[in-house]
Amino acid sequence: MPIEFKQVSHEYSPNTPFAYKALNEIDLELAEGKITAIVGATGSGKTTIVQHLNALLLPTQGEIVVVDKTIKSTEKPKNLKALRKQVGLVFQFPEYQLFEETILKDVAFGPKNFGVSEEDAQEKAKEALKMVGLDETFYERSPLDLSGGQKRRVAIAGILAMDPQVLVLDEPTAGLDPQGAKQMMGLFEMLNKKHGKTILVVTHDMEHVLDYCDEVVVVERGKIAMHVSKEEFFEDASLMVKANINPPAIIRMRTMLQEKGFAIPNTVLSLEALVKALKKGVA
Ligand SMILES: Nc1ncnc2c1ncn2[C@@H]1O[C@H](COP(=O)(O)OP(=O)(O)OP(=O)(O)O)[C@@H](O)[C@H]1O
Ligand SMILES: [Mg+2]
């Protein structure tokens, strides 16, 4: 299921004094069946990019090909509903995404909207809520009475209940505690490995990129500054410096040890590998 941006620009509020070009002629091809991280400074254009994937935003120039549909500046794809079933987008601020009076209804809304029976939609909603770690005590509560992290889980469940082939998550772990964040990333990994979902995740958490993602896209001032494999990105510390990114702890430790004269290869990307390399050096 290929996703391709071709020379895509996006200008907010065009032809007004507030016009702002947030994306500037970007080309980007996203790998099917992988977990791709989208990283970059605040305001670089990450959210703007991902909101094009289900035609929430339309390009002001260029086009985006998603599966068998093309999104252009002047036209929404003919079958917007089908596109949104294929590509599930979880917003950066999930509270904008919740509107039903109970959590169960909110999560069941998507499948119902796509023609699934009331009963089946509820079943799907219950399954999805379980996946994100919310039990039956949440079913009848109002989504508005939840904490930020819980709202995020409900919004993610609402998308999972539709079973999209492509999952787009805009900072899905913001507002979760470290344990909850890990569980959430583990869930995406499972959906990718077991169910073959293509996953795109916008994140500021480099530890998550290292632990869970296959590819890294760096966005810089409305341009794609880099698109490399996770290994390539973390093996070459200079790429992180160039991208103005603070490396994960293990990479900082590797660099520090290398600077102190330890023979640690750049292929070391985990604690286990680091210990092994150190042991080898001592032996
Ligand atoms: N509705 C809007 N109208 C005008 N400008 C906007 C609008 N939304 C975003 N922008 C501008 O476009 C640029 C890119 O914003 P975007 O939200 O895509 O950044 P981001 O990389 O997702 O940042 P963050 O990490 O803070 O979420 C920013 O300079 C922002 O101020
Ligand atoms: Mg954003």
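The values are calculated or read from the model by the stated rules, or taken from the named source; none is laboratory data. Quick caveat, the model's predicted, so the values are computed rather than measured. Counting neighbours? That spans all protein chains shown, and the Cβs are built from the backbone with ideal geometry, glycine included.
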Test: residue in segment 42-62 that is more than 16 Å from ligand 1 (Cβ to nearest atom) and closer than 16 Å to residue 202 by Cβ: no
Between a residue in segment 118-145 that is farther than 14 Å from residue 161 by Cβ and surrounded by 19 or more Cβ atoms within 10 Å (Cβ to Cβ) and any residue that is at pLDDT below 95 and of a type in the set (S, T, N, Q), which pairs come within a Cβ distance under 7 Å, given they are 6 or more apart or on different chains? none
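Which of the residues that make up segment 243-263 are part of a loop (DSSP other than H, G, I, E, B) and within 22 Å of the chain's Cα centre (by Cα)?
Taking segment 243-263 first, the residues part of a loop (DSSP other than H, G, I, E, B) are 243-248, 260-263.
Correct list: 243, 244, 245, 246, 247, 248.
Quick check: anything in segment 52-62 within 20 Å of residue 213 (Cα to Cα) and either assigned to a loop (DSSP other than H, G, I, E, B) or more than 16 Å from ligand 2 (Cβ to nearest atom) (or both)?
Quick first cut of segment 52-62, residues within 20 Å of residue 213 (Cα to Cα) only: 53.
Next, only the ones that are either assigned to a loop (DSSP other than H, G, I, E, B) or more than 16 Å from ligand 2 (Cβ to nearest atom) (or both) stay: 53.
Yes, segment 52-62 has at least one match.
Among the residues of segment 92-117 satisfying the criterion of being polar (S, T, N, Q) and either without any contact (Cβ under 8 Å) to a residue 24 or more places away in the chain or not in a loop (DSSP other than H, G, I, E, B) (or both), which is surrounded by the most Cβ atoms within 10 Å (Cβ to Cβ)?
Taking segment 92-117 first, the residues polar (S, T, N, Q) are 92, 97, 102, 113, 117.
Going one step further and asking which of them are either without any contact (Cβ under 8 Å) to a residue 24 or more places away in the chain or not in a loop (DSSP other than H, G, I, E, B) (or both), we end up with 97, 113, 117.
Details: 97: 19, 113: 13, 117: 10.
Ranking the candidates gives 97 first.
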Hey, residue 150 hits all of (1) modelled with pLDDT of 95 or more; (2) crowded, with 19+ Cβ neighbours inside 10 Å but one; which does it fall short on? (1)
If only one of 49, 26 is of a type outside the set (Asp, Glu), over 17 Å from residue 163 (Cβ atoms), within 16 Å of ligand 2 (Cβ to nearest atom) and in contact with a helix residue (DSSP H, G or I) (Cβ under 8 Å, 6 or more places away or on another chain), which one is it? 26
Cross-chain or 6+ apart pairs with Cβ under 8 Å, segment 189-203 first and closer than 13 Å to residue 50 by Cβ and touching a residue at least 12 places away in the same chain (Cβ under 8 Å), then of a type in the set (Lys, Arg) and within 16 Å of ligand 2 (Cβ to nearest atom): 202/46
Provide a single number: the residues in segment 29-44 that are part of a loop (DSSP other than H, G, I, E, B), at negative phi and within 16 Å of ligand 2 (Cβ to nearest atom). 3
Which number in (1) more than 29 Å from residue 131 (Cβ to Cβ); (2) crowded, with 17+ Cβ neighbours inside 10 Å marks the one condition that residue 198 misses? (1)
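I'd like the full set of residues that are within 21 Å of the chain's Cα centre (by Cα) and at pLDDT 95 or above, limited to segment 90-124.
Going through segment 90-124, the residues within 21 Å of the chain's Cα centre (by Cα) turn out to be 90-98, 107, 110.
Once the filter is applied, which keeps residues that are within 21 Å of the chain's Cα centre (by Cα) and at pLDDT 95 or above, segment 90-124 yields only 107.
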Residue 155 fails exactly one of (1) more than 13 Å from the chain's Cα centre (by Cα); (2) at pLDDT below 95; (3) within 16 Å of ligand 2 (Cβ to nearest atom); (4) surrounded by fewer than 19 Cβ atoms within 10 Å (Cβ to Cβ), namely (4)
Odd one out for residue 89 among (1) touching a strand residue (DSSP E or B) at 6+ places or on another chain (Cβ under 9 Å); (2) in a helix (DSSP H, G or I): (2)
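Which is touching a residue at least 40 places away in the same chain (Cβ under 8 Å) and aromatic (Phe, Trp, Tyr), of 5, 18? So that I can check it myself, show each step before the final result.
Working: 18 fails: touching a residue at least 40 places away in the same chain (Cβ under 8 Å).
Of 5, 18, the one residue that is touching a residue at least 40 places away in the same chain (Cβ under 8 Å) and aromatic (Phe, Trp, Tyr) is 5.
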Could you tell me whether residue 78 is away from ligand 1 (no atom under 16 Å from the Cβ), more than 20 Å from residue 155 (Cα to Cα), out of contact with any Leu (no Cβ under 9 Å at 6 or more places or on another chain) and without any contact (Cβ under 8 Å) to a residue 40 or more places away in the chain? yes
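Please go through segment 164-181 and give me each residue that is free of Cβ contacts under 8 Å to residues at least 40 places away in the same chain and not aliphatic (A, V, I, L, M), ordered by number. Explain how you work it out, then say what you get.
Initially, segment 164-181 is screened for residues free of Cβ contacts under 8 Å to residues at least 40 places away in the same chain, giving 173, 175-179, 181.
Those that are free of Cβ contacts under 8 Å to residues at least 40 places away in the same chain and not aliphatic (A, V, I, L, M): 173, 175, 177, 178, 179.
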Listed by range, strands (runs of 3 or more DSSP E) wholly within segment 169-242 having at least 2 residues that are of a type in the set (A, V, I, L, M, F, W, C) and away from ligand 1 (no atom under 16 Å from the Cβ) are none
